[in-house]
1. Given the conditions (1) out of contact with any Lys or Arg (no Cβ under 8 Å at 6 or more places or on another chain); (2) surrounded by 12 or more Cβ atoms within 10 Å (Cβ to Cβ); (3) at pLDDT 70 or above; (4) among the basic types (K, R), report the number of the one that R65 does not fulfil.
2. Taking segment 1-14 only, how many residues are at pLDDT below 90, surrounded by 18 or more Cβ atoms within 10 Å (Cβ to Cβ) and not in a loop (DSSP other than H, G, I, E, B)?
3. For segment 159-189, which positions are more than 21 Å from L106 (Cβ to Cβ), in contact (Cβ under 8 Å) with a residue 60 or more places away in the chain and within 19 Å of the chain's Cα centre (by Cα)?
4. Residues of segment 179-231 being surrounded by 18 or more Cβ atoms within 10 Å (Cβ to Cβ), among the hydrophobic types (A, V, I, L, M, F, W, C) and more than 19 Å from K164 (Cα to Cα), which ones?
5. What's the number of the only condition in (1) at pLDDT below 90; (2) in a helix (DSSP H, G or I); (3) closer than 15 Å to V6 by Cβ that G110 fails to meet?
6. Does P136 satisfy being touching a Ser or Thr at 6+ places or on another chain (Cβ under 8 Å) and in contact (Cβ under 8 Å) with a residue 12 or more places away in the chain?
Amino acid sequence: MKKIIVPTDFSPTAEKAQDFSVQTAKLFDAEVTLLHSFEIEKFMTADYAGYNKDFVIDMVNQIERNLDRAKKYALDLDEVEVQTYLSSYDLNTAIKKLVDEKKADLIVMGTIGQGGIGERLWGTKTSSFIGKTETPVMVIPYNYKWKKPSKILFLTNQFEKDTKILNYIFEWAGLYMANVEIGVFTDVDGDKIEKFFENKEKLEEYEAFIKAEYYENTIASQHLIGHEFEETLNKYIEENEVDMIVMVTYPRGILGRLFNKSLTKKMSYNTKIPLLAISAKEK
């Protein structure tokens with residue numbers, strides 16, 4: 001974990017993502033780059049309709065001051081070296097270009113989270129970006145306060161054995177010195193009784209597999225059963241002091257996969273703790 005990209009619009013929501021990234025960088029000795037996307041072309045096109053180009057120049061200067069201020073804050077408070085980057089592309093393109101340029105390991109973005117008010121636009125941008133990049137995305141909710149994770153819940157219904165995915169998850173666990181629980185969800189209303197027993201059997205087999213490969217960082221497996229996924233998950237998190245969730249997203253069109261982009265996006269609006277979304281390639 002060496003390079004972290006943090007898109008920001010300088011809102012309190014985005015600042016939560018910056019804080020998480022800086023605190024994590026201290027532990028991992030990682031490089032943090034703050035990215036702001038300012039689509040100059042839109043303003044320049046509008047300028048022909050009467051807008052003053054000086055306004056665009058003033059906007060860019062203000063953005064650069066904001067980036068410098070955020071960089072200095074991180075350096076003064078946490079002694080972490082933070083780089084800044086101003087892009088004239090749309091947000092998604094800007095992130096992808098910078099990730100490719102930096103060969104980044106992680107993208108950290110803020111979202112409104114459960115009970116969040118305001119910041120809706122930025123939260124929507126975060127949600128919409130999940131699943132659009134092969135680089136893992138860490139979602140930080142609006143009301144989150146930094147805490148070094150000690151328990152990570154990895155939710156799956158595909159029981160992934162892709163070493164790239166698993167190595168990434170357990171690298172996080174090792175660097176944080178955190179334990180990992182493996183969880184699967186069975187929907188009381190939507191799943192047949194056969195699915196309950198199938199998940200139960202597969203979970204036991206998967207726990208044995210994970211412990212054989214990553215024993216030191218694994219606690220146990222958890223079969224979550226309920227009517228609503230988000231409600232069931234959040235209740236379990238609160239009762240068991242989970243510090244981070246990991247979910248794997250899959251391309252659309254793959255039938256039978258619960259943890260797809262849609263459900264991960266929904267969870268990004270309803271989580272009180274960081275959510276790590278890892279994209280899997282289509283098989």
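1. (2)
2. Residues that pass the stated criteria total 2.
3. The answer is E181, and nothing else.
4. Result: V184, F185, L203, F229.
5. G110 satisfies all of (1) at pLDDT below 90; (2) in a helix (DSSP H, G or I); (3) closer than 15 Å to V6 by Cβ except (2).
6. Values: touching a Ser or Thr at 6+ places or on another chain (Cβ under 8 Å): yes; in contact (Cβ under 8 Å) with a residue 12 or more places away in the chain: yes.
Yes; evaluated as a whole, the condition is true for this residue.
The values are calculated or read from the model by the stated rules, or taken from the named source; none is laboratory data. Please read these numbers as outputs of a predicted model, since none were measured by experiment. Because the Cβ atoms are built from the backbone with ideal geometry, glycine has one as well, and the counts that use them run over all protein chains shown.
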